[in-house]
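The values are calculated or read from the model by the stated rules, or taken from the named source; none is laboratory data. All of these numbers come straight from a predicted model, not from anything done at the bench. Cβ placement follows ideal geometry from the backbone for every residue including glycine, while neighbour counts extend to all protein chains displayed. All accessible areas refer to the heavy atoms of the entire protein, side chains included, with ligands and DNA or RNA removed. Shrake-Rupley method; radii C 1.70, N 1.55, O 1.52, S 1.80 Å.
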Amino acid sequence: MELKDSLKEFRGSLKEFKDSLKEIKGSLKELKDSLKELKDSLMELKDSLKEFRGSFTSLQEQHGDSSQK
């Protein structure tokens, strides 16, 4: 009887472990998705900064850089 109870307890522990692994897998997927969104946002920011730099440089060339005078 004691062995049977131990096996039952072990199976319960295995099920809890399996459920925990599923939760971890779900959390890792969410993290991966969030990191992809962050990467995409950073790439957009990088592109926007390039555009801004180009516009700013163009304005400096059109009006002269007053900080050099």
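I need the shape label for the chain. Rule: rounded when a/c is under 1.5, else prolate if a/b > b/c, else oblate, with a, b, c from the alpha carbon gyration tensor.
prolate
Picking from Ser58, Ile24, Leu38, whose Cα lies most toward the positive end of the charge dipole for the chain (charges on Cβ: Lys, Arg +1; Asp, Glu -1)?
Result: Ile24.
Please determine, in degrees from 0 to 90 and to the nearest 10, the orientation of helix 2-63 with respect to the longest principal axis defined by the Cα atoms of the chain, where the helix direction is its Cα long axis.
Result, in degrees: 0.
Rounded to the nearest 500, what is the chain's calculated 222 nm mean residue ellipticity when only DSSP H runs of at least 4 contribute -39500 (n - 2.57) each, over all residues?
Rounded to the nearest 500, it is -34000 deg cm²/dmol.
Between Glu23 and Ser6, what length comes free when the chain is fully extended (0.36 nm per residue of separation minus the Cα-Cα distance, one decimal in nm)?
Answer, rounded to one decimal: 3.6 nm.
How much of Leu31 can a 1.4 Å solvent probe reach, expressed as accessible area in Å² and rounded to 10?
90 Å²
So, with +1 on the Cβ of K and R and -1 on the Cβ of D and E, and no other charges, what is the size of the charge dipole of region 1-52 about its Cα centre, to the nearest 20 debye?
With only Lys, Arg, Asp and Glu charged at Cβ, the dipole is about 280 debye.
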